[in-house]
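To start, the structure under review is shown below, and the notes come after it.
The values are calculated or read from the model by the stated rules, or taken from the named source; none is laboratory data. Just so we're clear, the structure is a prediction, and the values are computed from it rather than from any experiment. Backbone-built Cβ (ideal geometry, glycine too); neighbour counts: all protein chains shown. Areas reflect the complete protein model, heavy atoms only, side chains present, ligands, DNA and RNA absent. Shrake-Rupley method; radii C 1.70, N 1.55, O 1.52, S 1.80 Å.
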Number of protein chains: 2
Amino acid sequence: MTRIAQLKARLARRDLDGFLISQPDNRRFISGFSAADHSIQESAGVLFIPRRGMPILLTDSRFALDARQEAAGFSVRTYSKGMLPLLSSILEEYRSKRLGFDSHYTLHSTSEELLKICHEIDVEPVATTGIVESMRLCKSAEELQKLQGSVTMNETVFQEVHRTMQPGMTEIEIAMHIETLMRQRGAEKPSFDTIVASGANGASPHAVPGQRQIKAGEPIVIDMGLVLDGYCSDMTRTVVLGKPAAKTAEIIRIVRKAQLAGMAAIRAGVTGRQVDQAARKIIKDAGYGDCFGHGLGHGVGLAVHEGPNLSPRYTRKLQVGMVVTVEPGIYIEGWGGVRLENMVVVTREGCRNLNRDTTCLDI
Amino acid sequence: MTRIAQLKARLARRDLDGFLISQPDNRRFISGFSAADHSIQESAGVLFIPRRGMPILLTDSRFALDARQEAAGFSVRTYSKGMLPLLSSILEEYRSKRLGFDSHYTLHSTSEELLKICHEIDVEPVATTGIVESMRLCKSAEELQKLQGSVTMNETVFQEVHRTMQPGMTEIEIAMHIETLMRQRGAEKPSFDTIVASGANGASPHAVPGQRQIKAGEPIVIDMGLVLDGYCSDMTRTVVLGKPAAKTAEIIRIVRKAQLAGMAAIRAGVTGRQVDQAARKIIKDAGYGDCFGHGLGHGVGLAVHEGPNLSPRYTRKLQVGMVVTVEPGIYIEGWGGVRLENMVVVTREGCRNLNRDTTCLDI
């Protein structure tokens with residue numbers, strides 16, 4: 001069943017006869033149209049999915065050419081004075097009566113305008129959440145292939161940069177080298193701002209690369225990912241130049257053990273919470289429970305952070321084809337941090353690691 | 001008058017006794033708290049500004065330390081299970097009755113939750129737009145100094161990269177060199193994705209740098225900006241390596257003439273539309289009217305795109321202290337593009353150019 005057919009079936013179950021999609025990843029997932037929004041207030045376009053009939057991509061002239069090339073099976077219509085007047089005429093044309101929109105991605109001001117035009121033409125607007133997101137949770141074979149491609153390119157870039165790393169280089173130099181290679185290898189862009197956090201800077205899970213020079217023996221957290229063919233990768237390695245200090249080696253071993261325990265706990269049917277706990281237990285038992293303040297992992301796909309989650313609060317079950325990160329960490333104020341992150345696919349019996357790189361994992 | 005006092009005066013005029021600020025630039029403008037949001041669904045915090053009494057910054061534990069250091073005059077309170085329960089207790093404490101929120105930055109789903117908690121404690125939520133944005137339009141002396149610093153650093157980076165440019169380099173190499181230097185000079189980050197668009201690629205105003213190698217004689221559009229101390233710069237130069245082809249030189253001269261005409265038209269009291277028309281007329285008269293599809297300029301400050309606008313539709317008047325770009329362009333499918341962009345401050349008599357760089361402007 002095509003994605004459009006799946007979506008139409010979901011609309012039918014909710015008795016919606018039309019649905020709007022404006023969130024860029026959802027828009028790309030359903031239509032193939034790959035444009036990004038400059039901001040939530042500057043949309044590159046909206047999909048209108050009727051329960052019956054041809055779906056429509058509403059966009060402006062800047063994107064019309066790309067839209068026609070990318071959004072197979074969509075009728076592309078352009079607006080010049082705002083999306084809503086065009087939408088209004090389309091709703092009349094399709095005689096939609098109940099129109100779903102995404103409450104988690106529509107601004108209050110837009111929803112007010114939408115309510116107004118719906119009222120004028122006797123359409124009932126229906127706030128929904130997660131309809132397309134839930135379709136994105138389990139990846140198809142084609143998506144897994146794209147994710148694998150993204151992970152592999154990311155590892156190649158990491159390894160190439162790792163080979164050149166020398167004491168005295170700055171975090172910024174290394175981060176920019178990584179992002180330059182990503183683009184040179186053909187990635188669309190980094191999937192998030194590259195983190196290079198050396199020594200004490202590693203104590204913050206979301207450190208920003210700075211002018212600090214890296215030193216031998218200390219942990220250097222490198223968290224990086226890229227977008228290839230729309231799909232994101234996300235990998236963390238904690239590397240050490242030369243021989244690690246004793247404490248560094250000890251903490252890397254604990255985090256690695258937690259990562260392996262997390263990966264071993266994954267299979268279809270277990271909850272995200274259970275997986276988180278399997279890894280967290282190792283870190284807690286080693287006496288570092290307070291030093292692991294974030295969840296164990298998150299889904300990755302068109303977005304670098306999406307469902308499901310591996311976290312203490314996520315009590316839903318994992319399913320075959322979900323792709324998640326497994327990324328335990330230990331962060332110690334004034335000392336630094338260690339985080340190790342792989343991306344795995346959930347299978348019936350366990351999980352399959354998309355990562356091959358083993359740099360500094362097992363010391 | 002402090003910004004908080006100005007804002008409280010505006011709340012009084014609207015009979016609001018409390019106001020929420022979640023948009024990151026507005027949040028930073030009012031409080032000094034500089035954190036970015038990971039996405040509109042993952043907020044780093046919200047300001048609650050009571051009409052009387054101490055303003056509050058609601059955030060989570062990850063940001064509490066930075067919040068306390070940056071947000072002078074704010075009481076920082078942290079939530080662990082979502083912002084709204086904490087907000088609810090604060091509203092009761094302050095006995096707020098009419099609570100303003102930003103309709104242009106609040107998600108429909110958040111507004112629904114907000115309505116619910118407001119209803120429970122008998123508070124009236126009031127959708128507003130542009131209250132803080134309007135305070136950001138005219139820059140203070142201190143802000144102008146920061147903008148000048150951002151512009152100057154941006155020009156230094158441009159000039160350093162320009163000196164190294166050689167035929168055969170790729171657009172990506174040049175863009176990444178620019179972004180690396182920005183960070184090395186101490187910028188927080190680029191203010192937008194750097195554009196390097198050579199030859200025919202320049203025909204799209206928002207081209208993405210690719211693997212194309214630059215050539216002598218052709219126009220190479222470089223549009224770049226950085227964030228320093230929170231404030232953005234935005235500059236475009238169209239450079240030519242070696243002697244420009246005749247058509248290239250002709251088009252650069254037309255665009256430069258349009259830019260100078262636009263700058264000459266600026267002063268407090270004229271409308272954005274009038275300034276746009278002054279520049280647009282030069283391009284139209286030269287026969288390229290159809291090749292200039294965007295507005296002449298936009299405001300710059302904490303955001304790289306903010307009010308006011310220099311465009312055919314913007315009929316409000318410019319005021320002393322506004323900072324705008326002046327960036328006419330000519331884009332020709334299959335040939336390429338030329339755009340020249342400076343940032344200027346509106347004064348009573350005219351404008352003051354924040355840019356000093358003259359690379360390839362007058363050929």
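Would you pick out the residues in segment A:18-42 that are assigned to a loop (DSSP other than H, G, I, E, B), touching a residue at least 12 places away in the same chain (Cβ under 8 Å) and open to solvent by 40 Å² or more (accessible area, probe 1.4 Å)?
Across segment A:18-42, the qualifying residues are A:Ser34, A:Ala36, A:Gln41.
With (1) within 14 Å of another protein chain (Cβ to nearest Cβ); (2) out of contact with any Ser or Thr (no Cβ under 7 Å at 6 or more places or on another chain) as the list, and A:Ser43 as the residue in question, which single condition is left unmet?
Looking at each condition in turn, A:Ser43 falls short on (2).
Which residues, counting only those in segment B:128-169, are within 14 Å of chain A (Cβ to nearest Cβ) and touching a Gly at 6+ places or on another chain (Cβ under 8 Å)?
Scanning segment B:128-169 gives B:Thr128, B:Ile131, B:Glu133.
Name the helices (runs of 4 or more DSSP H) wholly inside segment B:82-166 in which the number of residues that are open to solvent by 60 Å² or more (accessible area, probe 1.4 Å) and either modelled with pLDDT of 95 or more or over 19 Å from B:Leu7 (Cα atoms) (or both) is 3 or more.
B:83-94, B:108-120, B:141-164
Of all residues in segment A:65-81, how many are open to solvent by 20 Å² or more (accessible area, probe 1.4 Å) and small (Gly, Ala, Ser)?
Final tally of qualifying residues: 4.
Out of all the residues in segment A:315-329, which are more than 20 Å from A:His206 (Cβ to Cβ) and of a type outside the set (Val, Ile, Thr)?
Within segment A:315-329, A:Arg316, A:Lys317, A:Leu318, A:Gln319, A:Gly321, A:Met322 qualify.
All but one of (1) closer than 26 Å to A:Glu218 by Cβ; (2) touching a strand residue (DSSP E or B) at 6+ places or on another chain (Cβ under 7 Å); (3) assigned to a loop (DSSP other than H, G, I, E, B) hold for A:Val304, so report the exception by its number.
(1)
With respect to the numbered conditions (1) assigned to a loop (DSSP other than H, G, I, E, B); (2) modelled with pLDDT of 95 or more, which one is the sole condition not fulfilled by B:Leu11?
(1)
Does segment B:218-225 contain at least one residue that is surrounded by fewer than 18 Cβ atoms within 10 Å (Cβ to Cβ) and touching a residue at least 12 places away in the same chain (Cβ under 8 Å)?
The answer is no; no qualifying residue exists.
Answer yes or no: is there a residue in segment A:308-317 that is in contact with an Asp or Glu (Cβ under 6 Å, 6 or more places away or on another chain) and either over 24 Å from A:Thr152 (Cβ atoms) or open to solvent by 20 Å² or more (accessible area, probe 1.4 Å) (or both).
There is at least one residue in segment A:308-317 that is in contact with an Asp or Glu (Cβ under 6 Å, 6 or more places away or on another chain) and either over 24 Å from A:Thr152 (Cβ atoms) or open to solvent by 20 Å² or more (accessible area, probe 1.4 Å) (or both).
Hey, among A:Leu114, A:Leu99, A:Leu84, which residue is farther than 14 Å from A:Ile30 by Cβ and either among the acidic types (Asp, Glu) or out of contact with any strand residue (DSSP E or B) (no Cβ under 6 Å at 6 or more places or on another chain) (or both)?
Sole residue among the options that is farther than 14 Å from A:Ile30 by Cβ and either among the acidic types (Asp, Glu) or out of contact with any strand residue (DSSP E or B) (no Cβ under 6 Å at 6 or more places or on another chain) (or both): A:Leu84.
Which strands (runs of 3 or more DSSP E) sit wholly inside segment A:312-352 and have at least 1 residues that are in the same structural domain as A:Arg267 (by TED's automatic domain parsing), of a type in the set (Gly, Ala, Ser) and at pLDDT 95 or above?
A:329-332, A:336-339
How many residues are in contact (Cβ under 8 Å) with a residue 24 or more places away in the chain, out of contact with any Phe, Trp or Tyr (no Cβ under 8 Å at 6 or more places or on another chain), surrounded by fewer than 19 Cβ atoms within 10 Å (Cβ to Cβ) and assigned to a loop (DSSP other than H, G, I, E, B) if we restrict to segment A:251-294?
6
Got a number for residues in segment A:182-201 being in a helix (DSSP H, G or I), surrounded by fewer than 21 Cβ atoms within 10 Å (Cβ to Cβ) and within 14 Å of another protein chain (Cβ to nearest Cβ)?
Qualifying residue count for the region: 2.
For a quick check of your reading of the model, give me the residue pairs whose first member lies in segment A:98-123 and is away from chain B (no Cβ under 13 Å), whose second is of a type in the set (Lys, Arg) and assigned to a strand (DSSP E or B), with beta-carbon atoms closer than 8 Å and at least 6 apart or on different chains.
Note: pairs meeting the criteria are A:Val123/A:Arg98.
In segment A:43-64, which residues are surrounded by fewer than 19 Cβ atoms within 10 Å (Cβ to Cβ) and either without any contact (Cβ under 8 Å) to a residue 24 or more places away in the chain or not assigned by TED's automatic domain parsing to the domain that holds A:Ser75 (or both)?
Passing the criteria: A:Met54, A:Asp60, A:Ser61, A:Arg62, A:Ala64.
Determine if segment B:324-333 includes at least one residue that is closer than 24 Å to B:Ile131 by Cα and open to solvent by 40 Å² or more (accessible area, probe 1.4 Å).
no
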